[in-house]
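The structure under discussion appears below in the form of structure tokens.
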Amino acid sequence: MEYVKDELKVAYLILAHTDAKHLEKLTHTISYKARIFIHLDKKVGMSKDFSDIVLPQSAEFIKERVKVYWGGVSMIRATVNLIEAALASGESFSHLVLLSGLDYPIKPPQEIYTFLTSQPSRQFIRFIDLADSPVPETGRLSRYWFMEPIFPFFDDTLIRRVLRKLFESDRLQRKLNEDRKLAFGSQWWVITPECATYILEFVKNNPYLWNLYKYSHAPDEHFFHTIVANSPYIEQAGGFSVGIKWPHHLSNLHIGYLNKLYCEENFEYLKESDKFFARKFTSNKSSKLINLIDAHFNSCASSTL
């Protein structure tokens with residue numbers, strides 16, 4: 001599709017770490033009236049697999065990259081880098097959509113674009129009180145989780161496991177002096193540029209946040225949510241949800257199942273969903289399913305002619 005610079009777009013922010021072939025397919029599929037910014041985990045490096053893929057004109061790998069560790073604050077740093085790259089591009093966006101490199105749309109990209117641009121003031125970032133989350137407030141932030149390497153030159157996994165066990169003691173936990181209401185939700189959100197700008201300004205003006213979240217548990221499920229929950233954008237996000245416990249019940253535009261690899265037999269289920277994205281897909285095990293989804297997209301486009 002021809003890239004038009006001054007057109008209102010959707011910004012897709014992609015956290016990628018594997019399966020270059022699927023990443024290439026994903027970027028071409030979502031390129032409709034879009035700019036696509038990709039953070040490639042620095043642990044992976046720009047290997048031949050990734051350097052050889054052909055991205056659409058609207059997509060780019062961002063320069064500011066970090067080593068990303070599951071459950072660690074590095075996930076937040078990578079996401080902030082993506083937000084900064086999108087807002088620095090000078091383009092006009094309806095929304096910023098956070099995706100994984102193993103995601104795939106299950107609705108036509110044209111439909112996603114129309115849906116988002118028709119709701120220019122809505123934030124798709126649901127949350128509950130962090131104290132009601134599966135790992136309650138006192139555990140997620142006050143405990144020292146050591147999710148990321150302490151010593152960069154060797155595998156210190158065992159050391160960190162011992163430290164996590166040691167720091168379970170109440171005496172060794174941090175006392176939180178936060179006067180904000182803490183929130184919890186799904187990692188995969190969709191926000192407006194105005195809300196994203198507010199988040200960056202808040203992070204810039206509160207550098208202590210990096211130390212606060214350095215040893216926390218899975219901050220990608222509460223860092224951004226807490227900022228929005230205590231911001232002028234809380235009502236646009238729908239406020240605090242009540243009576244919900246698990247991230248997959250707090251999903252935004254994604255189907256909420258965690259750690260599921262979708263294959264051909266899941267096509268009918270995905271087609272009937274009212275969500276816009278699902279994960280996980282791989283170029284190997286999900287190729288037949290992706291072909292079915294693409295064919296469905298084409299049939300939807302034909303029916304509107």
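The values are calculated or read from the model by the stated rules, or taken from the named source; none is laboratory data. What you are looking at is a predicted structure, and each value in this text was computed from that prediction instead of being measured. Backbone-built Cβ (ideal geometry, glycine too); neighbour counts: all protein chains shown.
Note on the range 98-141: residues that are out of contact with any helix residue (DSSP H, G or I) (no Cβ under 6 Å at 6 or more places or on another chain), polar (S, T, N, Q) and buried (at least 18 other Cβ atoms within 10 Å of the Cβ) total 2. May I ask you to list the residues in the range 12-59 that are under 17 Å from ASP103 (Cα atoms) and acidic (Asp, Glu)? Matches in the range 12-59: ASP19, GLU24, ASP41. Among residues of the range 74-92 that are within 21 Å of THR117 (Cα to Cα), those with a beta-carbon under 7 Å from a residue that is of a type in the set (Gly, Ala, Ser) at least six positions away or on a different chain give the pairs ILE83/ALA196; ALA86/ALA11; LEU87/ALA196.
Every residue in the range 185-242 that is surrounded by fewer than 17 Cβ atoms within 10 Å (Cβ to Cβ), free of Cβ contacts under 8 Å to residues at least 60 places away in the same chain and closer than 27 Å to ARG160 by Cα, please. Within the range 185-242, PRO207, TYR208, ASN211 meet the criteria. Tell me which residues, restricted to the range 219-275, are among the β-branched types (Val, Ile, Thr) and either assigned to a helix (DSSP H, G or I) or under 17 Å from the mean Cα position of the chain (by Cα) (or both). THR226, ILE227, VAL228, ILE255, listed by residue number.
The helices (runs of 4 or more DSSP H) falling completely within the range 116-210 that include 3 or more residues that are modelled with pLDDT of 75 or more and out of contact with any Leu (no Cβ under 6 Å at 6 or more places or on another chain) map to 157-166, 193-205.
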